[in-house]
Amino acid sequence: MPRELMLERIRKAQQETDQKKELIRNGRMRQHFHFMPQTGWLNDPNGLIWFRGKYHYFYQHNPYYGMWDSMHWGHAVSEDLLHWEYLPVALAPSEPYDDYLRGGCFSGSAVEHDGRLFLIYTGTAYHADGLEQSQCVAFSEDGVHFEKYEGNPVLRAPEGIRKRNFRDPRVWKHGDRYYLVCAADCGGRGQALLYRSEDLLHWTYVNVLAESRGEWGYMWECPDFYRLGDKYVLTFSPMGAGDHTAVYFVGDFDYDTGTFDCQRAGEMDWGMDFYAPQSFEAPDGRRIVTAWANEVAAAPFWKDSGPTYREGWCGFFALPREVRLMPDLSLQFVPVRELQTLRTDARRMNRFSVGDEALALTAGDGVSCEIKLKIDLAATNAQQVELFLRCGGGRKTVCTFDFQRMQMSVDRNEADGWSQGISRSALFLKGKRELDVHIFLDQSSVEIFADQYRNNHADNVYAGNEQNQIWIRARGGSAVISGYESYGMKECFR
Ligand code: FRU
């Protein structure tokens, strides 16, 4: 009985989780206010939705250990996006179309239909002629226990699309119809394919929503598509497009023709640890996005997924960010205001200037904290401003604003003896009087937002608690900091 098999696997996953969760709870490297799995491995956010008064996070999950393997869908709910209650695994591999050790229930999304919660996900299985990915449906009356549709799969790779690279359906409702975009590899060019349906079970192909002509890689993982103001936004994680890991396109969309007229491209986050973002609409209309805070193994700078597997877990989500459209069609990604409720120990400093000699700054316990500052560009003649984060015992993570090279960077080569690499992005400062910087440090991550939340870097750092100092320095001149505030952050885990 296939239904029985899924239930049995969910029970097994739960037993394993119950046995190990205390261990993970006490992990030295576990996050304090970023969402992470109760045990085992987490990658992409899936099926994010506000349903019956709660936010639901589903996630790519291996409950057994802190490495990627046969994919389940983990599940948690929250009322404030900060405190999460874990629920039983929602989906486990169990059917010929999704039961394969190096496959399983891959990424997808959620939508409400007739009062029920529907999940659309990619079944990944291995058949005689190779790996096959197809789109499958599961539904639930109570939003907790799911049943796979007996007519699965509902969508198979169309002609010309590689069967092994056809995944990550993102579904939404418009009028009386459902639409989905799905990632496809068309002869080595990434595509987002658009489909429509009346019932979520029968799908009609509409159009290629957008595609790579070589410049955006060979596969667009986890596409997402939504309306923002009077524009539409397409986001995806391209494979084979250099340091681009989370791209956005902004343009106009026509439901009649399925045509997306793209007018601007940008990067959601330039850090090394921001991948496979997915968004959802909050009940107050905000468009909120989170992502898997890790780099994918196919990335050019990938080394590994970090040392936390030794504590029985790996992976967490980036801070939830509100997406806002600017008049020039660039996007801002602003950490959600709910985070302000975690603030403790507020501190402020008046305008000050800094030169060659590093100045100590304070923020909470220096490990799990928030910092906001502004660099007065008119009063600054330095070539660089450097922020040293999580310093101690000769280790540090360095964020540099280089006004000569016009570059922002985050260097973690000396961060913790484990992490490597420098994330880089261009600075655009023409006509600007100040540069705003907003930083969140958690136990194992650094997230830095600059230039009105449009130049962002999420980088994981596995620094010990003795690495709790923060310093600032200017090079080749002096810099004026025109505003500084900082906070400690309350821990959110129950
Ligand atoms: C992105 C991804 C998706 C896939 C899932 C498998 O990180 O590779 O394309 O559905 O992870 O876990």
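The values are calculated or read from the model by the stated rules, or taken from the named source; none is laboratory data. Nothing here was measured: the structure is a model prediction, and the numbers come from that model. Methodologically, a virtual Cβ is constructed for each residue, glycine included, from the backbone with ideal geometry; neighbour enumeration extends over all protein chains shown.
Scan region 180-220 residue by residue and report those that are outside any strand (DSSP E or B), more than 20 Å from E132 (Cβ to Cβ) and small (G, A, S).
S212, G214, G217 - these are the residues of region 180-220 that are outside any strand (DSSP E or B), more than 20 Å from E132 (Cβ to Cβ) and small (G, A, S).
So G242 ticks every box in (1) in contact with a strand residue (DSSP E or B) (Cβ under 8 Å, 6 or more places away or on another chain); (2) in contact (Cβ under 8 Å) with a residue 24 or more places away in the chain; (3) not aliphatic (A, V, I, L, M) but one. Which box is left unticked?
(1)
Sort out which residues of region 261-278 are assigned to a strand (DSSP E or B) and either within 16 Å of the ligand (Cβ to nearest atom) or free of Cβ contacts under 8 Å to residues at least 40 places away in the same chain (or both), and write them in order of number.
D261, A265, Y275, A276, P277, Q278
Among the residues of region 86-117, write down those that are among the hydroxyl-bearing types (S, T, Y), surrounded by fewer than 24 Cβ atoms within 10 Å (Cβ to Cβ) and modelled with pLDDT of 95 or more.
Passing the criteria: Y86, S94, Y97.
Tally the residues that are closer than 17 Å to I288 by Cβ and not in a strand (DSSP E or B), restricting the search to region 221-247.
Of the residues in that region, 2 qualify.
Consider S423 carefully, then state whether it is surrounded by 20 or more Cβ atoms within 10 Å (Cβ to Cβ), among the polar types (S, T, N, Q) and not in a loop (DSSP other than H, G, I, E, B).
yes
List pairs: first residue in region 279-302 and touching a residue at least 40 places away in the same chain (Cβ under 8 Å) and over 23 Å from G240 (Cβ atoms), second residue of a type in the set (G, A, S) and part of a loop (DSSP other than H, G, I, E, B) anywhere in the structure, Cβ distance under 7 angstrom, at least six positions apart or on different chains.
Listed by first residue and then by second, the contacts come to I288/A282; T290/A318.
Please find, within region 294-313, the residue that is modelled with the lowest pLDDT out of those that are buried (at least 16 other Cβ atoms within 10 Å of the Cβ), within 22 Å of P63 (Cβ to Cβ) and within 12 Å of the ligand (Cβ to nearest atom).
Within region 294-313, the match that is modelled with the lowest pLDDT is V296.
Looking at the structure I just gave you, is T290 outside any strand (DSSP E or B) and of a type in the set (S, T, Y)?
no
Would you confirm, using the coordinates I've provided, whether R156 is within 14 Å of the ligand (Cβ to nearest atom), surrounded by fewer than 18 Cβ atoms within 10 Å (Cβ to Cβ) and modelled with pLDDT of 95 or more?
Taking the combined requirement at face value, the residue does not satisfy it.
Out of the residues in region 460-494 that are among the aliphatic types (A, V, I, L, M) and over 28 Å from N350 (Cα atoms), state the one that is surrounded by the fewest Cβ atoms within 10 Å (Cβ to Cβ).
V461
Being within 14 Å of the ligand (Cβ to nearest atom), of a type outside the set (D, E, K, R) and part of a strand (DSSP E or B) is the filter here; which residues of region 159-179 pass it?
F166, P169
Which of the residues that make up region 335-378 are part of a strand (DSSP E or B), farther than 29 Å from R475 by Cα and within 21 Å of the chain's Cα centre (by Cα)?
P335 - this is the single residue of region 335-378 that is part of a strand (DSSP E or B), farther than 29 Å from R475 by Cα and within 21 Å of the chain's Cα centre (by Cα).
Report the residue count in region 212-252 for those that are over 16 Å from the mean Cα position of the chain (by Cα) and within 16 Å of the ligand (Cβ to nearest atom).
7
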